[in-house]
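Participant: Quick one: this structure, given as structure tokens, is what I'll be asking you about.
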Amino acid sequence: MQEMLFISHSTPEDNEFCIWLASRLEMLGYKVWIDLKNLYGGERSWQKIQQAIKESAKVLLVYSKYIIDDGEIKQSIDDELRYARSFAESRKLKDFIIPLHLDESPYDLVIGLPNINHIQFNESWTSGLSHLKKKLDKDDVQHDEDVSSSLVSWYENSYSTDCQIINKKELYYSSWWGVKDCPGIFCLYHFANSEQAKAVRNSNREIPIALSSNVLSTFEEKISYEVEREGETFDVLPIAVYAYSLDDVLYGFDSEDFPTHKEVENYFKDYIRFLIHCILERKGCCKAPISNKRFAFYRERGKTKFRDEEIYYKYSSQQKPRHKRLGGKYLDKGSWHYAISVKPLMFPVIGVSIQSHLLFTSDGHVIISNDSKQHAYRRNKGKTFYNSEWRDLLLAMLSSLKDSESEIKIQVTYKGDFLKMNLWPETFWSDYGYNDPSSKMSESDLETVSYIEEEEIC
């Protein structure tokens, strides 16, 4: 019984995926044939390829846009597929060729393959591997868990040798972005209904005030109650006004009536998030909706001119400035954008936790609405981003929020008090460091996708 798996792919574009796939299959005990000479340079032997196909239980075609060159299937791949089809027909083998769908390519790149089940790797490599394993088990492809793996050895010796913990004092940047300074009193204005609260907030547009139903949150202790309607001005008074010190907000107080400490804490956290959003928007960032009614903020291509202009940032006050772009061209006319979303924190710092995102626009401005495309583009673009890349993008984004006085701040009271943010996220010194790998290889473990059956793709 044939046991080997033959991997047919485009080189060098899909080498990274093929090495990952072959090493994982060998870890599972399968015998894998992959053209290592084709991967690393050298003369291909057609006789060896033919013999390998004959000895294989399956031919795994890495199905991507790179198998096509100038509108035609690449000659090497076409030769392998033709020979595999001929061999399968002569032996009456079912499902001898299995396409592994690696990107968003249409299903008709190769004649005959649209009607063959494709296993989806375009959103998650690990999920695709899981579905491939189920297919191999279903077709009774033999494997030996004790088989030795030359590719696994290569992976460990050539890829991961420089990916180890080292004794090195290193400064690490967290995702916690703390408040540097703010007024000491936090106020809530409780109105009879949301319409009254909204009208009063609109009469105080000079300072940022958060609205939550019929409650206004602000650091301003004396907001204006004057509301103009149909040419007349009159006062809309709140039911009650509450003022709390930061110690009250942080450490609590006794109250069984509205607002309880938990409610005040939630209003305060929502207000901090609101102020950060105001800072981002006032510095020219656009917002895009993400999950759980949250927003991610990014810079449009035309406004930041990131094709021509780089943002200067520092690791700390002692470091020399570095420069970074917060986006760039992606595919033909599209662009990728670094974006951030924030979640309020009360501990270990007063501030927000920053989450980094990659967003994609069709023209540098309009967000691509197709979620599956966003997900596939994000995986493809982000798979080579290591910790240092994300750190530098985050520091550059924060640096872009600084004003002419090199501060990140927003005025929050009429008398001129500011909420000021730190210029850097919270940092920690460690006695140990880590070298990012120099080889590019992704081991994405993202969302689960389904094995597409024949009737779904026809």
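Participant: Which of the residues belonging to segment 102-129 are without any contact (Cβ under 8 Å) to a residue 60 or more places away in the chain and either under 30 Å from Met27 (Cβ atoms) or hydrophobic (A, V, I, L, M, F, W, C) (or both)?
Facilitator: First pass over segment 102-129, keeping only residues without any contact (Cβ under 8 Å) to a residue 60 or more places away in the chain: 105-106, 108-113.
If the condition is that a residue be without any contact (Cβ under 8 Å) to a residue 60 or more places away in the chain and either under 30 Å from Met27 (Cβ atoms) or hydrophobic (A, V, I, L, M, F, W, C) (or both), then Ser105, Leu109, Val110, Ile111, Leu113 are the ones that fit.
Participant: Consider only pairs whose beta carbons are under 7 Å apart and that are at least six residues apart or on different chains; among these, list those whose first residue lies in segment 382-400 and is under 17 Å from Leu359 (Cβ atoms) and whose second residue is among the aromatic types (Phe, Trp, Tyr).
Facilitator: The qualifying pairs are Leu393/Tyr338; Ala396/Tyr313; Met397/Tyr338.
Participant: Specify which of the listed residues (Val147, Val152) is over 20 Å from Glu16 (Cβ atoms), open to solvent by less than 50 Å² (accessible area, probe 1.4 Å) and modelled with pLDDT under 90. Steps first, please.
Facilitator: Numbers: Val152 fails: over 20 Å from Glu16 (Cβ atoms).
None of the others qualify; the one that does is Val147.
One line per residue, one yes/no per condition, for (1) in contact with a helix residue (DSSP H, G or I) (Cβ under 7 Å, 6 or more places away or on another chain); (2) more than 23 Å from Cys286 (Cβ to Cβ); (3) among the hydroxyl-bearing types (Ser, Thr, Tyr); (4) at pLDDT 70 or above:
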residue: Leu401; (1), (2), (3), (4): yes, no, no, yes
residue: Glu405; (1), (2), (3), (4): no, yes, no, yes
residue: Lys409; (1), (2), (3), (4): no, no, no, yes
residue: Glu426; (1), (2), (3), (4): no, yes, no, yes
residue: Ser430; (1), (2), (3), (4): no, yes, yes, yes
residue: Tyr434; (1), (2), (3), (4): no, yes, yes, no
residue: Ser439; (1), (2), (3), (4): yes, yes, yes, no
residue: Ser444; (1), (2), (3), (4): yes, yes, yes, no
residue: Val449; (1), (2), (3), (4): yes, yes, no, no
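Participant: Another question, then. Could you figure out which of (1) touching a helix residue (DSSP H, G or I) at 6+ places or on another chain (Cβ under 8 Å); (2) open to solvent by less than 60 Å² (accessible area, probe 1.4 Å); (3) not acidic (Asp, Glu) isn't true of Lys343?
Facilitator: Looking at each condition in turn, Lys343 falls short on (2).
Participant: Within segment 84-105, is even one residue farther than 22 Å from Met4 by Cβ, outside any helix (DSSP H, G or I) and open to solvent by 50 Å² or more (accessible area, probe 1.4 Å)?
Facilitator: There is at least one residue in segment 84-105 that is farther than 22 Å from Met4 by Cβ, outside any helix (DSSP H, G or I) and open to solvent by 50 Å² or more (accessible area, probe 1.4 Å).
Participant: For segment 106-129, enumerate the residues that are part of a helix (DSSP H, G or I), out of contact with any strand residue (DSSP E or B) (no Cβ under 8 Å at 6 or more places or on another chain) and modelled with pLDDT under 90.
Facilitator: Correct list: Pro114, Asn115, Trp125, Thr126.
Participant: Six or more apart or on different chains, Cβ under 6 Å: which pairs go from a residue in segment 1-30 that's under 19 Å from Ser56 (Cβ atoms) and charged (D, E, K, R) to one that's open to solvent by 40 Å² or more (accessible area, probe 1.4 Å) and modelled with pLDDT of 85 or more? Could you list them?
Facilitator: Glu3/Lys31; Glu3/Gln142; Asp14/Tyr66
Participant: Then there's this: It is to be established whether one or more residues within segment 66-88 are under 21 Å from Ala376 (Cβ atoms), touching a strand residue (DSSP E or B) at 6+ places or on another chain (Cβ under 9 Å) and modelled with pLDDT of 90 or more. Steps first, answer last, please.
Facilitator: At the first step, the residues of segment 66-88 found to be under 21 Å from Ala376 (Cβ atoms) are 66-68.
Of the ones still in play, those that are also touching a strand residue (DSSP E or B) at 6+ places or on another chain (Cβ under 9 Å) are 67.
Keeping just the survivors that are modelled with pLDDT of 90 or more gives 67.
Yes, segment 66-88 contains at least one residue that is under 21 Å from Ala376 (Cβ atoms), touching a strand residue (DSSP E or B) at 6+ places or on another chain (Cβ under 9 Å) and modelled with pLDDT of 90 or more.
Participant: May I pose another question? Return yes when Trp33 is under 29 Å from the mean Cα position of the chain (by Cα) and either modelled with pLDDT of 85 or more or of a type in the set (Phe, Trp, Tyr) (or both) and no when it is not.
Facilitator: Values: under 29 Å from the mean Cα position of the chain (by Cα): no; either modelled with pLDDT of 85 or more or of a type in the set (Phe, Trp, Tyr) (or both): yes.
So Trp33 fails the test.
Participant: For segment 320-374, which residues satisfy the criterion of being assigned to a strand (DSSP E or B) and small (Gly, Ala, Ser)?
Facilitator: Taking segment 320-374 first, the residues assigned to a strand (DSSP E or B) are 322-324, 327-330, 334-345, 351-361, 367.
Gly327, Gly328, Gly334, Ser335, Ala339, Ser341, Gly351, Ser353, Ser356, listed by residue number.
Participant: Quick one: Lys293 ticks every box in (1) charged (D, E, K, R); (2) farther than 25 Å from Ser406 by Cβ; (3) modelled with pLDDT of 85 or more bar one, so which box is it?
Facilitator: All conditions pass for Lys293, except number (3).
Participant: Can you pull out the helices (runs of 4 or more DSSP H) entirely within segment 166-283 that have at least 1 residues that are open to solvent by less than 70 Å² (accessible area, probe 1.4 Å), farther than 26 Å from Ile350 by Cα and without any contact (Cβ under 8 Å) to a residue 40 or more places away in the chain? Explain how you work it out, then say what you get.
Facilitator: Details: elements: 194-202, 246-251, 261-282.
Because the criterion is at least 1 residues that are open to solvent by less than 70 Å² (accessible area, probe 1.4 Å), farther than 26 Å from Ile350 by Cα and without any contact (Cβ under 8 Å) to a residue 40 or more places away in the chain, the helices (runs of 4 or more DSSP H) in segment 166-283 that meet it are 194-202.
Results for (1) surrounded by 13 or more Cβ atoms within 10 Å (Cβ to Cβ); (2) more than 19 Å from Ile340 (Cβ to Cβ), shown as yes or no for each residue.
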| residue | (1), (2) |
| --- | --- |
| Leu395 | yes, no |
| Ser400 | yes, no |
| Asp403 | no, no |
| Phe418 | yes, yes |
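The values are calculated or read from the model by the stated rules, or taken from the named source; none is laboratory data. What you are looking at is a predicted structure, and each value in this text was computed from that prediction instead of being measured. Neighbour counts are summed over all protein chains in view; Cβ atoms, including those assigned to glycine, are modelled from backbone coordinates with ideal geometry. The accessibility values were calculated without ligands, DNA or RNA, using every heavy atom of the protein model including side chains. Shrake-Rupley method; radii C 1.70, N 1.55, O 1.52, S 1.80 Å.
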